[in-house]
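Each value in this text was obtained by applying a stated rule to the coordinates, not by laboratory testing. Just so it is clear, the structure is predicted and the values come from calculations on it, not from any experiment. All Cβ positions, even for glycine, are placed from backbone atoms using ideal geometry, and neighbour counts span all protein chains on display.
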Amino acid sequence: MNSKSLFIRNANELITVKGHSEKPATKEAMNDLHIIKGGSVWIENGEIVAVGTDEELVAKYEERLEDAEVIDATGQVVAPGFVDPHTHLVYAGSRENEFNMRLQGKSYMEIMNAGGGIHATTSATREATPEQLFTESKARLDKFLLHGVTTIEAKSGYGLSLEHEMKQLEVAKQLNEAHCIDIVRTFMGAHAVPASFKGDPEAFVDLVIEEMIPKVAERKLAEFNDVFCEHGVFTPEQSKRILEAGLKHGLLPKIHADEIEPYRGAELAAEVGAVSADHLLKASDEGMQKMAEHGVIGVLLPGTAFFLMAESANGRKMIDTGVPVALSTDCNPGSSPSVSLPLIMNLGCLKMGMTPAEVITATTINAAHAINRANEVGSIEVGKKADLVVLNVPNYMQLQYHYGVNHTSKVIKGGKLVV
Ligand code: NIG
Ligand code: FE
């Protein structure tokens, strides 16, 4: 039996972001939102079946109007459900004590090298049962949804052993089944060298390559493989070995690159054919150029720079260089404990010089490309999943102008009204 049709009517601006499902948008095309004034969407069985002006769709579906569920979006903006392509969703505990230490002058790396940071969350996550992890992470997912996010990526990386990395990924898998938000999983065993391998990081790299990657791939627990390539964490050589090993097992490369110091991470991303390079606060001009040439998506995380009190990545320059840019929260307990993708968009404008239109492209279709879901979500086009957000503003520019506000008024996931 077919479920009832859903008709979203007469948005002041229906932001379709159409035309970029094959390839991410770059340069000027990032400003191309393909807005329909007085736009409507007809949805059947969780899928978008027609997009047009209200008059067009009323004429087309005249005989079925009475039986459809209707959402009146008059005066509001309707956009594709937001996609967050970089989160560390599944973890236990919190680190407000470290936040306090940083406010008093300690650096993120000093705290990590003294056994805090990622190591502190690793201890908490190892101790947590899968049920505890599920409950804590589900609470975060619920909040993501209230901010209009309908698809996210989730990384492991707080287990740092086969058993506990798999535990994190299994929980992400269960959450995907239990929660309406779709979750794409990334293995990040190379997030830090655990304390037990402190004197011998190469042995840990071997363990990631020989034991963890094959098992994670065999059990289909992840689609991507990420590594924290940073001075004092994993070198570019180690990162390359890890990413190439992942590729052999079908895991696509992503990389935490040039976050704290310049380390040629952007260059490495282009060299290994990474789907995305993320952070990029200290990326070189040459690295940006290479990313543009190889179509590596720059996933920028201005909330992390904000929270670490660092200067943001140069989003403006990256877009002008031709890098396809996406934005994300980087939701994690240390460097960005936030689920607010709307705030990240504000920071994209205010801290990175992106336009209000570019930040929408960066959190919809380009974000979907960064997790290989652009064929399903990220734009309002016939045949795509009916993931949409209704925003309580008369035009999309007000989303950034009235900053610091969650303008989400309704969320439609897979054709169902969920918020
Ligand atoms: O993307 N930089 C490395 N990883 C995370 C932070 C992890 C943590 O501090 O717990 C990030 O910022
Ligand atoms: Fe991250």
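Across segment 77-91, rounded Karplus estimates of 3J(HN,Hα) from the backbone phi angles (6.51 cos²θ - 1.76 cosθ + 1.60, θ = phi - 60°) give 9, 10, 10, x, x, 6, 10, 10, x, 7, 9, 10, 4, 8, 7 Hz, Gly and Pro being marked x.
Number of Lys-Lys pairs in segment 337-419 with C-alpha atoms under 24 Å apart and a separation of 8 or more places or on different chains: 6.
Could you list the GluC sites (Glu not before Pro) in segment 1-89 that lie in coil according to DSSP, counting only those with at most 13 other Cβ atoms within 10 Å of their Cβ? Before the final figure, lay out the partial values.
Working: sites: E13, E22, E28, E44, E47, E55, E56, E62, E63, E66, E69; in loops: E22.
Qualifying residues, ordered by number: E22.
Of all DSSP bridge pairs formed entirely within the chain, close to 40 percent run antiparallel.
Annotation: amide H-H contacts under 5 Å for G52 (H modelled 1.01 Å from N, sequence separation of 5 or more, or interchain): S40.
Partners of K215 within straight-line reach, counting lysines whose Cα lies under 24 Å from its Cα and excluding those fewer than 8 residues away in the same chain: K155, K167, K173, K198, K240, K248, K254.
Note on segment 113-143 and segment 202-237: Cα centroid distance 20 Å, given to the nearest whole angstrom. Sequentially through segment 402-417, phi angles give Karplus couplings (6.51, -1.76, 1.60; θ = phi - 60°) of 7, 6, x, 10, 8, 8, 5, 10, 9, 10, 10, 10, x, x, 10, 6 Hz, Gly and Pro residues having no value and appearing as x.
With +1 on each Lys and Arg Cβ and -1 on each Asp and Glu Cβ, how big is the dipole of the chain about its Cα centre, in debye rounded to the nearest 20?
On the way: 39 positive and 56 negative charges, 83 e Å.
That gives the chain a dipole magnitude of about 400 debye.
Projecting the Cα positions of P130, A79, T53 onto the charge dipole of segment 53-136 (unit charges on Cβ atoms of Lys, Arg, Asp and Glu, taken about the Cα centre) puts P130 furthest along the positive direction.
Taking Cα pairs under 8 Å and at least six residues apart, what relative contact order does the chain come out at, in percent?
Numbers: 1014 pairs, mean separation 88.3, N = 419.
For the chain, the relative contact order is 21 percent.
Between D330 and H86, the built amide H atoms are under 5 Å apart, and every one of these is 5 or more places off in sequence or on another chain.
Please check the chain for the longest run free of trypsin sites (Lys or Arg not before Pro) that are loop-located per DSSP (anything but H, G, I, E, B) and have at most 16 other Cβ atoms within 10 Å. Longest stretch, sites excluded: 221-419.
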